[in-house]
Amino acid sequence: MKPVYMINGFLDSGKSTFINYTLQQDYFQIKGTTLLILCEEGEVEYDEDVLKNSRTVVEILEDESDFKTSKLIELEKKHSPERILIEYNGMWNMKGLKMPFHWTLEQQITCINAETFPMYYNNMKAMVAEMIRKSELVIFNRCDNCIDSLGSYRRNIKAVNAKTEVVFETAEGEVDTIFEEDLPYDLKSDTIELDDNTFGIWYMDMMDHLERYEGKKIVYKAMVLKSDKFPKGYFVPGRMVMTCCAEDIAFLGYVCQYDGIDALKNQQWVKVTVIPKKEFFADYKGEGPVLHAVSVVQTSKPKNEVIGIG
């Protein structure tokens, strides 16, 4: 069986850039030949050194009628590749696509230009759907000017293929954000109760989207951190969180205003009910999340003192 990697998307969606990058990565190196079949020639040209170093040979199919089993077998016999990489033309029919019986689709990835996605989605919805229906990964690039629309873009993709992974990229790299529909609690509720599995998610999301939580009551079990560096009446109710490995454990929490702070001891376990607000705090060097305690009640130590980021 010949493994096939299918990269599809409309013109100017970043397919060639993605393939150029992938061919250079250590994880994608093989000893044999890679046959790269181009079904369109975009603005980005392939780097000759990259092709040579990755032992990649290129064949171009200019017409959709050329993408047929007999032609593909001919190219296979010509190059005897260990694997096949296909940059598929987004305007060609995906639904009727046929490959030799011994070619197996190892992975399908769809590249999308976020700036032009609404145009294609609104006018060619059926074609977009066929493109992403079997994709394991959908990559939106050029998202810099579309940040506020990414949530709706993701919902459009998930409506067609709920299992696919959706990634958004800007000029600075991958967009690291959590969409409301992915949160493991109901933002419409006036009170949100956190546990070991959701504290880290809440902490990270509130860092970027404080507006989602302002005015709501947040309830969770926390360890007390008091410091002489804090203004009088402030402490941090937080948790020890392992972000990636045992060597990378940190105490995470937001500063909290509480009138009864004198009764609290460092490392004491409490159950807090707090209301987040956006306020100036000196350690933030500006405005940021400041919690206001509604109640702070002594509680037992949790079974897992160290939790994951989510």
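Numerical summary
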quantity: In nm, spacing of pseudo-spin labels at Lys2 and Phe28 (7 Å Cα→C-beta vector); calculated: 1.9
quantity: Carbon + sulfur, % of accessible area of the chain - ligands and nucleic acids excluded, 1.4 Å; calculated: 48
quantity: Cα gyration tensor category, rounded, prolate or oblate, for segment 178-310 with a/c compared to 1.5; calculated: rounded
quantity: Compactness index (Cα Rg / 2.2 N^0.38 Å), segment 124-173; calculated: 1.13
quantity: Rounded to 5, the percent of DSSP beta bridges in the chain classed as antiparallel; calculated: 45
quantity: Gap separating the Cα centres of segment 73-129 and segment 204-230, nearest whole Å; calculated: 46
quantity: Contact order normalised by residue count of the chain, Cα under 8 Å, 6+ apart, percent; calculated: 14
quantity: Extended-chain gain in nm, criterion 0.36 nm per residue less alpha-carbon gap, Glu305 and Ser152; calculated: 51.4 nm
quantity: Relative compactness, segment 225-276, computed as alpha-carbon Rg over 2.2 N^0.38 Å; calculated: 1.24
quantity: Calculated SAXS-style log₁₀ I(q)/I(0) at q = 0.22 Å⁻¹ - segment 137-234, Debye, Cα scatterers; calculated: -1.21
quantity: Neighbour net charge for Gly215 - beta-carbon separation under 14 angstrom, K R +1, D E -1; calculated: +2
quantity: Protection proxy ranking of 279-292, 218-231 - average other beta-carbon atoms within 10 Å, highest first; calculated: 218-231, 279-292
quantity: Segment 197-310 - accessible surface per residue (Å², probe 1.4 Å); calculated: 54
quantity: Helix 150-160 vs. the chain, principal-axis angle (Cα, 0 to 90°, nearest 10); calculated: 60
quantity: The chain: Cα Rg divided by the 2.2 N^0.38 Å rule of thumb; calculated: 1.33
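The values are calculated or read from the model by the stated rules, or taken from the named source; none is laboratory data. Given the structure is predicted, the values throughout are model-derived calculations rather than measurements. Cβ coordinates were reconstructed from backbone atoms using ideal geometry, including for glycine residues, and neighbour counts include every protein chain displayed. Note: accessible area is taken over every heavy atom of the protein model, side chains too, but ligands, DNA and RNA are not part of it. Shrake-Rupley method; radii C 1.70, N 1.55, O 1.52, S 1.80 Å.
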